[in-house]
Amino acid sequence: MLKQRLNSSLFLWVILLSILWLFQWHAVAFFILLAAIGGIHELLQLFQAEASLFRFNLLLNGTFLALFYFASRYQYFSTDILYVIAIALICGWSIGIAQNARAFFFSLFGFWYLTFNLHFFLKIAQLFSWDNTVGLFMIVWIVLITKATDIGGFCIGCSCGKHHFSTIVSPQKTLEGIGGGLLLAFLVHTGFYIVFHKNFPISFLTSSFFAILLSCGAILSDLLESLLKRYQCVKDSGQTIPGIGGILDLIDSLLLNAPFAYFLFKCECG
């Protein structure tokens with residue numbers, strides 16, 4: 001399992017960096033759209049939602065992200081109207097067509113949990129004026145710190161984890177694994193800063209503090225998805241990626257870190 005997970009992670013990083021290098025911000029928007037649509041599909045499948053709920057949510061969230069990406073490139077256009085339209089469509093569809101609370105809950109939760117959280121990567125791009133050398137670089141850094149936390153926690157937890165963090169929320173997560181995730185995230189950040197310090201818009205001390213906070217955010221975000229899976233008594237959200245699971249299992253630790261990182265950078269650089 002460990003070898004399979006590491007192989008899948010390496011393969012995904014190669015694909016991610018290659019496509020980012022070729023298509024830059026279009027690639028970021030594409031990956032966000034893919035993650036949101038795949039995640040919503042698995043979330044609704046996890047809770048055995050009806051087909052009409054699938055179609056509405058896939059259309060709503062896909063359209064929102066596409067419109068936000070193109071609209072946010074123009075400074076004179078306010079994207080706030082897109083939030084209002086999305087919520088209005090969820091309410092209108094739930095009351096007028098689906099006519100049940102289950103449809104409203106899953107549509108609203110899916111929009112917030114996946115699409116709304118992930119769209120903060122595009123807001124980070126806005127914050128850095130769509131600059132490739134800073135904005136794109138910082139998005140890669142956020143993903144790197146988050147995934148380093150996942151890999152460090154998994155490796156240390158599997159090899160020497162003894163003290164379970166919570167047998168109810170996440171039975172396999174241990175205190176040793178959490179410590180390993182935090183440590184690897186800090187070490188990866190330090191090495192990354194030494195090599196690419198000219199690309200960082202913030203100092204080493206500040207970025208190190210942010211890295212630790214984002215590592216903690218990754219752990220919290222991962223635990224939130226674990227709650228959903230435990231509620232449905234499943235181990236993984238899907239079987240799309242060998243050694244990792246589904247799309248939700250891949251992006252779970254990023255879901256809270258995207259808005260978290262945005263507000264950290266906005267406070268420091270905005």
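The values are calculated or read from the model by the stated rules, or taken from the named source; none is laboratory data. All figures in this text were calculated on a predicted structure; none of them were measured in a lab. Virtual Cβ from ideal backbone geometry, glycine too; neighbours counted across all protein chains shown.
Data overview
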item	result
Looking only at region 226-257, and only at residues there that are surrounded by fewer than 21 Cβ atoms within 10 Å (Cβ to Cβ) and without any contact (Cβ under 8 Å) to a residue 40 or more places away in the chain, the one that is nearest to residue 164 (Cα to Cα)	235
Output for region 221-267, where each listed residue is small (Gly, Ala, Ser), within 16 Å of residue 5 (Cβ to Cβ) and under 16 Å from the mean Cα position of the chain (by Cα)	237, 245, 246, 253
Total residues in region 30-52, condition among the hydrophobic types (A, V, I, L, M, F, W, C) and surrounded by fewer than 21 Cβ atoms within 10 Å (Cβ to Cβ)	10
Near pairs, Cβ below 7 angstrom, 6+ apart or cross-chain, from region 62-80 (within 15 Å of residue 127 (Cα to Cα)) to any residue that is β-branched (Val, Ile, Thr) and modelled with pLDDT under 95	68/79; 71/79; 72/79
Residue list for region 47-98, restricted to those being of a type in the set (Gly, Ala, Ser), under 26 Å from residue 27 (Cβ atoms) and not in a helix (DSSP H, G or I)	72, 78
Single condition residue 174 does not satisfy, out of (1) within 30 Å of residue 106 (Cα to Cα); (2) crowded, with 20+ Cβ neighbours inside 10 Å; (3) more than 21 Å from the chain's Cα centre (by Cα)	(1)
Where a residue in region 96-123 is basic (Lys, Arg) and its partner, wherever it lies, is part of a helix (DSSP H, G or I) and at pLDDT 95 or above, with Cβ under 7 Å and at least six apart	123/262
In region 191-209, residue farthest from residue 269 (Cα to Cα) [restricted to those that are in a loop (DSSP other than H, G, I, E, B) and either in contact with a helix residue (DSSP H, G or I) (Cβ under 8 Å, 6 or more places away or on another chain) or in contact (Cβ under 8 Å) with a residue 40 or more places away in the chain (or both)]	200
Single residue of 226, 221, 237, 215 found to be outside any helix (DSSP H, G or I) and under 22 Å from residue 117 (Cβ atoms)	237
